[in-house]
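Reading through the structure tokens given below for one structure.
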Amino acid sequence: MVLSILCVSLIWFSGGNKILHADTLPNDLGKAVTEIENLDEMRSHLASFLESTPDKPTPDTFKQVCKPVGMKMKQLGEENGWQTKQIAKKYRNPNHAPQNLQEVMALAKFEQDENLKGFWQPEIVDGVKGTKYYRRINVESSCLACHGLKNERPSFVQQKYPQDLAYNFHVGDLRGMYSVFIPEDAIEALKDN
Ligand code: HEC
């Protein structure tokens, strides 16, 4: 039953992509895609740098991977008038739990199709129309230092995130997704410039 509702909704979802009008495909969407690619690359670099350093990482260096990604996400939102988020079913920071049906279904879509890297669709957020862009986040080997086996997580993670769910991942698993909501007024503002 639940599955059939999910399937019907997924069909509806993919239909939604098609009815996105050409004039609501903002320059901003391209910008959002690029910014998220840069951000994802930044995390990969930070994580692999940490993995390759011969010195044992200190609690400080350990903090320098996903925290800056979160800060940069927030900054992107503020600078562009977007709502930006990282969302994960197995989350570490409870602020990153899925908050609504769209988010749950977007995660399910990525889970079902491992080749799906990203997609966008029209959405209404808090009564405001706009475009939502979703982009998958996969687990790489460098992530396992902090998202691998439960008992091998750095002690700062175990202490700071007592309700942590973001462990026991394997390379290639879906870790979560980025989402960027571009409201229509941000699109209009861009056109005026
Ligand atoms: C040095 C430890 C460390 C490494 C390495 C690391 N992470 Fe994280 N990760 C964290 C911490 C700590 C948080 C929680 C940050 C916060 O409070 O927002 C987190 C949060 C996240 C989140 C946000 C969702 C959530 O669960 O809160 C994602 C997505 C994520 N990590 C993906 C990755 C990926 C992908 C890699 C590898 C490329 C990686 N992480 C490597 C420590 C790490």
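The values are calculated or read from the model by the stated rules, or taken from the named source; none is laboratory data. This one's a predicted model, so the numbers in the text were calculated from it and none came from an experiment. Positions of Cβ are backbone-derived with ideal geometry, glycine not excepted, and every protein chain shown enters the neighbour counts. Surface areas here come from the heavy atoms of the whole protein model, side chains and all, with no ligands, DNA or RNA. Shrake-Rupley method; radii C 1.70, N 1.55, O 1.52, S 1.80 Å.
So here's what we get for this one:
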| read-out | value |
| --- | --- |
| Mean-position separation - Cα centroids, the range 78-101 and the range 130-183, in angstrom | 12 Å |
| Apportionment of accessible area to carbon and sulfur, the range 88-129, percent (1.4 Å) | 50 percent |
| Pairs from 67/150; 31/90; 67/117; 129/150; 31/160 whose Cα-Cα separation, in the structure shown, is over 30 Å | 129/150; 31/160 |
| Neighbourhood net charge (9 Å Cβ-Cβ; Lys/Arg +1, Asp/Glu -1) for residue 102 | -1 |
| About the Cα centre, charge dipole magnitude for the range 46-179 (Lys/Arg +1, Asp/Glu -1 at Cβ), debye | 180 debye |
| Cβ-defined net charge surrounding residue 69, 9 Å radius [Lys, Arg +1; Asp, Glu -1] | +2 |
| Cross-link partners of residue 74 among aspartates and glutamates (Cα-Cα below 16 Å; sequence separation of 8 or more within a chain) | 35, 37, 40 |
